[in-house]
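For reference, the structure is listed below as structure tokens.
The values are calculated or read from the model by the stated rules, or taken from the named source; none is laboratory data. Predicted model only: the values in this text are computed from it and were never measured. Protein only, heavy atoms only, side chains kept; ligands, DNA and RNA dropped before computing areas. Shrake-Rupley method; radii C 1.70, N 1.55, O 1.52, S 1.80 Å.
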Amino acid sequence: MLKQSEQQYAFHSDNRQQIDRARKEAEALFRPKPKLVATPMLANPSPANVSVRKPRILRASVPPLDREMAKVRNSSEPQTVVSASQFAHTERERLNRTRAAIFKQQHELQAKLKAIDNEMHAMDAYEAAKKGKTLSGRRHRGRA
């Protein structure tokens with residue numbers, strides 16, 4: 001029982017140390033940077049001697065829902081404000097076009113399926129006729 005208690009204490013101690021270390025690292029990210037001592041400028045600064053700190057810019061945006069929205073968001077044209085009714089109208093048109101395309105595909109696939117079914121029925125009829133002829137052919141041979 002004592003060993004189990006010691007193990008739990010050691011686990012909590014290790015866990016606490018990891019949390020403290022992570023907290024310190026996170027706090028270090030937000031600490032103000034120490035100011036650099038100004039060095040005397042050279043008379044002729046070369047690009048190798050001058051270091052310019054570039055700010056890091058992170059984007060936090062939601063990915064677009066579809067390609068059309070991506071084109072609108074990524075275009076360099078000025079953005080126009082669209083009312084909710086206009087947005088709904090354009091979305092309804094887009095959905096209707098998509099729906100019509102799917103119905104067209106469905107009809108094309110149904111036509112292909114019907115052609116395949118017709119070929120299958122023709123093959124079945126051929127096989128049935130072939131079996132009937134061989135049976136009747138054997139009968140004639142047997143009688144002769």
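When you check S136 against the structure, is it part of a helix (DSSP H, G or I), open to solvent by 80 Å² or more (accessible area, probe 1.4 Å) and modelled with pLDDT under 95, yes or no?
On the way: part of a helix (DSSP H, G or I): yes; open to solvent by 80 Å² or more (accessible area, probe 1.4 Å): no; modelled with pLDDT under 95: yes.
Here the answer is no, as S136 does not meet what is asked.
Residue-by-condition table, conditions (1) modelled with pLDDT of 75 or more; (2) open to solvent by 100 Å² or more (accessible area, probe 1.4 Å); (3) assigned to a loop (DSSP other than H, G, I, E, B):
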{"position": "H12", "(1), (2), (3)": "no, yes, no"}
{"position": "K33", "(1), (2), (3)": "no, yes, yes"}
{"position": "P64", "(1), (2), (3)": "no, no, yes"}
{"position": "E93", "(1), (2), (3)": "yes, no, no"}
